[in-house]
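See structure below.
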Ligand SMILES: Nc1ncnc2c1ncn2[C@@H]1O[C@H](COP(=O)(O)OP(=O)(O)OP(=O)(O)O)[C@@H](O)[C@H]1O
Ligand SMILES: [Mg+2]
């Protein structure tokens, strides 16, 4: 699986990291009831960074990125996205959500709307974009993810890989500054994984700030500028991908890598 | 080439197969009979028994139903016709339906004004069309929204300003919601509820009176006591159906909400309303409410009944819709949230369309029950078709007639309820086709 992206030359030189801070997380903690899922998370992400988050099942990866657009609420510490601090203030939450796109493992497309309607819904209702303009934008992004001809179909008529690419296009239509991916390929068959990863690589080449929870280590090596390893709700190790894969420091990281890369 | 293929395990297809049409089912009536009615001995016996039972029932019923009495003007005339034709007098006397048709349909509505309920029905059907069958021009929806007030004016008459004031209350509520929701969701909802209520209680009547004295246009006023028959059933049934759907949806959303007070209020309302028989609520409407209302207020009994029936069926709708809401996957809520849609937007655009689609059979089921329950108003002295049967029997002409009226009324209700059921099936199929 890790070779899925290697047959495509990735243009890393285009991926520039600026010094502008996109996301800042300061000593953030989260509990589910009494269970301490996220423990003292500190993370700063700059504009243009591509971060891959990995770790064993149940380590809190999904919870972490879901906190960034407030699908989950944190109980202590700070999360600041594009200068807006997440609190219970609904206005700030809506503001952050319209700046941050998210792709889910199970796509979460709206089955009662066509692909086009899926893509234009949020721009029309949240951004108040005129319908014609929203449709033009949607068509642009559907072409980008290479499925413009499916625009008038319903999600149920598309393959998994196509659905995930629609989900990416749907998020892009909101012109987000940050994209979050929660295991976007783990519900897909191998040949579809590649088409989705290709789309994600293109995004990275255009300088999108990305946080990806994924087990596609090939993708991490090709695209990420930082890999974060989480275990038991904590950030255990982070490093640039070459060093992370070839010279892991922590015992937990070594164990995880040996399992996932097949010794 | 071919013999090497036969000997080795390896196989290479040399040409691809063209697509072929699926095999058609063999047709023919005999084949159908054998497959569906007489496939085995046991099934054959059961088929024969069923045919005998059907024949037995029909041979008893049909002679009673097929009776040449359509033009008789009284029960005794019926007997004359039947004995004159040399038939047994144990046959239906359908003259009563023809003779009392107007009364069964319109109750005691003034005869020269029958055009008003008929026109109201046309307005109703036209107003419902875009909602029931979709894809109509936008301005038509405006007509749909105005149609309840037009219908009210046509049926009850009176000065035009009263329904205008009621409509204005709704407009004010919408405006209040728009302007208050910017500060806070809850304030918006409260404003949307309070502003129209205050307007109706304190401002609507004086303004309407003032306007009436200046510009006295309107229709001849009809009192609720003159309503009756199917007109009454349809007025109560349709009004309650149209009103209880939005109310029930709001209650279901309230029950599923995160806000403690809203949840508890919705649950309390739903449980109290549906925990008590409808007939008790109807007695409350007709008797008890007089004690609570300020003396001298003359709050129309039919309107009170409509409100009670609406609340009652809203509680049931709320539970049906709650089931639909629970069936919408969590990912849909998250997908909507992650795009930055507000609560009301995600409900209106994402969650409710899916939840309501799932709830259609339950909702229509509730409506069918509601429509049949409108006959309960006979116990509080309103003359629905069933109530009219005793009025009709009280005349000397038709003293002693029972079955013909009940069969006819039953048939009418059956047609109405069966159509609703068919419509629900049509809607389900249509939505299934659209969404796959
Ligand atoms: N809604 C919830 N209520 C209670 N506990 C939860 C909830 N969601 C997740 N958890 C727990 O929190 C922990 C972290 O979950 P999370 O989904 O973030 O893990 P993950 O790293 O994404 O794992 P996976 O790779 O399996 O997706 C898990 O132990 C999980 O059981
Ligand atoms: Mg996860």
What's the center-to-center distance, using Cα atoms, between region B:47-105 and region B:195-270 in Å?
43 Å
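Mind checking A:96-105 for the average number of partner chain beta-carbons within 10 Å of each residue's beta-carbon? Write out the running numbers ahead of the final one.
On the way: counts 1, 7, 4, 1, 3, 3, 5, 2, 4, 1.
That works out to 3 on average.
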Once you keep just the Cα pairs under 8 angstrom separated by 6 or more residues, what percentage relative contact order results for chain B?
15 percent
Over what distance in Å are the Cα centres of region A:231-259 and region A:131-187 separated?
33 Å
Remind me, relative contact order of region B:224-436 in percent, using alpha carbon pairs under 8 angstrom and six or more residues apart?
28 percent
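Can you sort B:234, B:193, B:317, A:51 by how many other beta carbons sit within 10 Å, fewest first?
On the way: B:234 19, B:193 13, B:317 28, A:51 22.
Arranged by neighbour count, lowest to highest, B:234, B:193, B:317, A:51 become B:193, B:234, A:51, B:317.
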What is the Cα centroid distance between region B:117-176 and region A:23-44, reported in whole angstrom?
54 Å
For chain B, what does -39500 (n - 2.57) per DSSP helix run (n ≥ 4), summed and divided by total residues, give at 222 nm, in deg cm²/dmol to the nearest 500?
-22000 deg cm²/dmol
Shape of chain A, Cα gyration tensor, a/c cut at 1.5
oblate
Need one word for region B:224-436: rounded, prolate or oblate. Basis is the Cα gyration tensor (sqrt eigenvalues a ≥ b ≥ c); a/c below 1.5 gives rounded, then a/b vs b/c decides.
oblate
Going by the alpha-carbon gyration tensor, a ≥ b ≥ c the square roots of its eigenvalues, is chain B rounded (a/c under 1.5) or, if a/c is not under 1.5, prolate (a/b greater than b/c) versus oblate?
oblate
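With 10 angstrom as the radius, rank A:178, B:150 by how many other C-beta atoms surround their C-beta, starting from the fewest. Walk me through the intermediate numbers first.
Numbers: A:178 22, B:150 18.
Ascending Cβ contact count within 10 Å gives the list B:150, A:178.
Where does each of A:214-223, B:215-224 land if you order them by average Cβ count within 10 Å, highest first? Don't skip to the answer; put the middle values down first.
Working: A:214-223: 22.1, B:215-224: 12.9.
By packing density, highest mean first, the sequence is A:214-223, B:215-224.
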Taking the beta-carbon count within 10 Å as an exposure proxy, list A:210, B:145 from fewest neighbours to most.
B:145, A:210
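What length, rounded to one decimal in nm, is gained on full extension from residue B:61 through to residue B:292, with 0.36 nm per residue of separation minus their alpha-carbon distance? Walk me through the intermediate numbers first.
Values: separation 231, 0.36 × 231 = 83.16 nm, distance 5.14 nm.
Length difference between fully extended and current span is 78.0 nm.
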Can you give the FRET efficiency for residue B:182 and residue A:255, using 1/(1 + (r/R0)^6), R0 = 60 Å, r = Cβ-Cβ distance, to the nearest 0.05?
0.65
Using a 10 Å cut-off on Cβ to Cβ distances, tally the other chain neighbours for every residue of A:83-95 and report the average as a whole number.
1
What FRET efficiency comes out for the pair residue B:17/residue A:146, r = Cβ-Cβ distance, R0 = 25 Å, nearest 0.05?
0.25
Provide the packing ranking of A:109-119, B:305-315, i.e. peptides ordered by the mean count of other C-beta atoms within 10 Å per residue, highest first.
B:305-315, A:109-119
Could you grab the relative contact order for chain A? Cα pairs under 8 Å, six or more apart, rounded to a whole percent.
28 percent
Sorting check: for B:248-255, A:76-83, which peptide has the highest mean count of neighbouring beta carbons within 10 Å, and how do the rest follow?
B:248-255, A:76-83
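For B:324-332, what's the mean count of beta carbons from other chains sitting within 10 Å of each residue's beta carbon? Spell out each step's value before the answer.
Working: counts 0, 0, 0, 0, 0, 3, 1, 6, 5.
Across the residues of B:324-332, the mean count of other-chain Cβ atoms within 10 Å is 2.
Applying 1/(1 + (r/R0)^6) with R0 = 56 Å to the Cβ-Cβ distance of residue B:42 and residue A:35, what FRET efficiency is obtained, to the nearest 0.05?
Given R0 = 56 Å and the Cβ-Cβ separation, E is 0.40.
Only the coordinates and a few stated rules stand behind these numbers; no lab work does. If you're wondering where the values come from, they're calculated on a predicted model, not measured in any experiment. Using ideal geometry, Cβ is built from the backbone for each residue, glycine included, and neighbour counts are taken over all protein chains shown.
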